[in-house]
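Structure first, then comments.
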Amino acid sequence: MSVSSPASDVARNDAPHRQVSRDALRGSPAARAWADWKETRRLWRLGVRLGWLDIRLRYRGSALGPFWLTITSALMVASMGVLYSKLFHMQLASYLPFLSLSLTLWSVGFSSLIQESCTCFLDAEDMVRSVRLPFLLYAVRVVVRNAIVFAHNIVVPLGVFALYHLWPGMDALLAIPALVLWGLDGFAACMLFGSLCARFRDVAPIIGALLQIVFYVTPVIWMPQQLGPRAAYLLYNPFYPLLEIVREPLLGHVPSLQIWGIALATSVVFWLIAVRSFIRVRSRLVFWI
């Protein structure tokens, strides 16, 4: 006849409590969001394929496909370049490369990505209701789709650079980590704005209206040098450092450490807000869509 010790009795009695605590942790909102992220990493190839499929379906039956966007961008850059170079009393050879690059970065890198992040989950309503996939996979889909569109539109500023024999040299490589940061921020935008717009459908047009305002207060069609000493105030615009860390290397300049520091700090704060929001609302997204 075996006699159990008090220590074994305590361990046996504590075992159910430890199991309950583990199950509670596994079912917590943070744990479920983490599981969503791990599943997204496992299925990232599917997200890439979905983004590519969106581009193919969008331009199905078109002879030029997404290159219609390239032609439209080229016409807009040419017309705006001639007009605004006269209004700002600037030489076209120095202004047109800046304008073509700025408009491409803004329209695809910022505006389009943010607006599509608002409908990230809403556009996938049929898939959400019919297939059990991680929500963050749809964020990968949006980022990949916009990256493909960006690859088509970057041809316009490259053509302008070739026209005026302006090449950034090795400094252009500094734009690669900046573009990676943009992709990460776009992923965070899908988590934050996609969740908000799924719950409140008025948020998407509000964000669209705010982007129009930000477009004019950010040096996209005008140069920072035109502000003179007041250009320092641009650092309070969170879009300006994020734009500069990509635009400056492609124009042959090295962004300052201050610009990089502000851009990284802005991205970290944005990610913290996005992750916090996604953790809180993830379990309710399927009911809002």
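The values are calculated or read from the model by the stated rules, or taken from the named source; none is laboratory data. Here the structure is a predicted model, which is why all the values come from computation and not from measurement. Cβ atoms come from the backbone with ideal geometry, glycine included; neighbour counts cover every protein chain shown. Each accessible area value is taken on the protein alone, full model and side chains, heavy atoms only, with ligands, DNA and RNA left out. Shrake-Rupley method; radii C 1.70, N 1.55, O 1.52, S 1.80 Å.
Considering only residues that are touching a residue at least 60 places away in the same chain (Cβ under 8 Å), open to solvent by 20 Å² or more (accessible area, probe 1.4 Å) and assigned to a helix (DSSP H, G or I), which ones fall in segment 123-158?
GLU125, VAL128, ARG129, VAL140, ARG141, VAL143, VAL144, ARG145, ALA147, ILE148, HIS152, VAL155
How many residues does segment 267-289 hold that are in a helix (DSSP H, G or I) and either open to solvent by less than 40 Å² (accessible area, probe 1.4 Å) or of a type in the set (Phe, Trp, Tyr) (or both)? Spell out how you get there, then give the answer.
Quick first cut of segment 267-289, residues in a helix (DSSP H, G or I) only: 267-288.
Next, from what is left, pick out any that are either open to solvent by less than 40 Å² (accessible area, probe 1.4 Å) or of a type in the set (Phe, Trp, Tyr) (or both): 267, 270-271, 274, 277-278, 281, 285, 287-288.
Result for segment 267-289: 10.
Give segment 97-111 a look and list any residue that's closer than 17 Å to VAL156 by Cα and open to solvent by 20 Å² or more (accessible area, probe 1.4 Å), or say none.
SER107
I'd like the full set of residues that are in a helix (DSSP H, G or I) and either open to solvent by less than 10 Å² (accessible area, probe 1.4 Å) or among the basic types (Lys, Arg) (or both), limited to segment 112-122.
Residues of segment 112-122 that are in a helix (DSSP H, G or I), as a first pass: 112-118.
Across segment 112-122, the qualifying residues are SER117, CYS118.
Condition first: in contact with a Leu (Cβ under 8 Å, 6 or more places away or on another chain) and among the β-branched types (Val, Ile, Thr). Now tell me which residues in segment 97-127 satisfy that.
ILE114
If a residue must be out of contact with any Leu (no Cβ under 9 Å at 6 or more places or on another chain) and part of a helix (DSSP H, G or I), how many such residues does segment 251-266 contain?
Total satisfying the criteria: 4.
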